[in-house]
Amino acid sequence: MQPGDRDALWRVLEARRDHRHFGTDPVDDAALGRVLDAFRVAPSVGLSQPWHVTVVRNATLRQAVHDNFAAVRVREQDRFGGERRALYASLKLEGIREAPVGLVVSFVPPVEVTLGTTSGPSALEYSVVSAVTLAWLAATAEGLGLGWVSLIEPGGLHAALGLAPHLRPLAYLCLGHPALELHEPLLQTVGWAARRPLALDWRD
Ligand SMILES: Cc1cc2nc3c(=O)[nH]c(=O)nc-3n(C[C@H](O)[C@H](O)[C@H](O)COP(=O)(O)O)c2cc1C
């Protein structure tokens, strides 16, 4: 490690936000390449690297992803009642059409036995999520904004994008230039939820 690395890393960790508001400027190919390169250095159980990324720049396809999102959002809104429901209705929960790049990160179930998965096969999916986190940080370091959209029905996403049969989409990520400067989670700013201290105990 070099002097200053820790401070630089912490600047990125603190600056990372989930973004849903994007400008229209395209994402530079070299910057996109570096974000994707985060998958190369990401940890994975048994070095399985069980992921595949589909880059979605086509606006018609992003509209189809948004249609999928909109249907899920209607269903989700029904799960909340009273004031909570009104607040939910006011939330912006994605930037699928505005963000010039969408990244579908799919889980690729390994064909062979994977070291480290005997007691917990979910470690394979966790590996995909941990790789997404590195890409999120890499995007932040590029000055880009990334937003994870989980309100998407994976079967519909698979069909709309014509993904290969062996892919299981786990994450849809919006990537672009952030239109808002966010110094705390947006859900905290709008009063939906607040950050909590770490739940922690020790066994010394
Ligand atoms: C697995 C996962 C799924 C998420 N899905 C959504 C989503 O569908 N829509 C959304 O607006 N934010 C989504 N988020 C972002 C969270 O709301 C956000 O991370 C949290 O509020 C903390 O804010 P911060 O990331 O800016 O620190 C998701 C985050 C994760 C990790």
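The values are calculated or read from the model by the stated rules, or taken from the named source; none is laboratory data. Nothing here was measured: the structure is a model prediction, and the numbers come from that model. Neighbour counts are summed over all protein chains in view; Cβ atoms, including those assigned to glycine, are modelled from backbone coordinates with ideal geometry. The area values use the complete protein model at the heavy-atom level, side chains included, leaving out ligands, DNA and RNA. Shrake-Rupley method; radii C 1.70, N 1.55, O 1.52, S 1.80 Å.
Some observations on this one:
- Relative contact order for the chain, counting Cα pairs under 8 Å that sit 6 or more residues apart, in percent: 36
- Distance between modelled label sites at VAL129 and THR24, nm, 7 Å Cα→Cβ extension: 3.7
- Three semi-axes describe the equivalent ellipsoid of region 128-204; taken as square roots of 5 times the Cα gyration tensor eigenvalues and ordered largest first, they are 28, 19, 15 Å.
- Membrane-span-like helices in the chain, defined here as complete DSSP H runs extending at least 24 Å along the helix axis by their C-alpha atoms with mean Kyte-Doolittle hydropathy no lower than 0.0, are 123-141; this is a sequence and geometry rule, not a statement about a membrane.
- Kirkwood Rh and Cα Rg combined as Rg over Rh, evaluated for region 40-115: 1.13
- Order of exposure, largest accessible area first, which applies to ASP28, ASP5 with probe 1.4 Å: ASP28, ASP5
- Region 141-204 and region 52-90: distance between their alpha carbon centers, rounded to Å: 13
- For region 17-188, the calculated P(r) over all alpha carbon pairs, in 10 Å bins from 0 to the bin holding the longest distance, is 10, 35, 36, 17, 3 percent.
- Taking GLU153, GLU142 and ordering them by how much accessible surface each has at a 1.4 Å probe, largest first, produces GLU153, GLU142.
- Protein-only accessible surface order, largest first, of ARG57, ARG168, ARG203 at 1.4 Å: ARG203, ARG57, ARG168
- Amide H contacts of ARG17: LEU146, each under 5 Å away and 5 or more positions distant or on a separate chain (H built 1.01 Å from N in the peptide plane; Pro and chain starts excluded).
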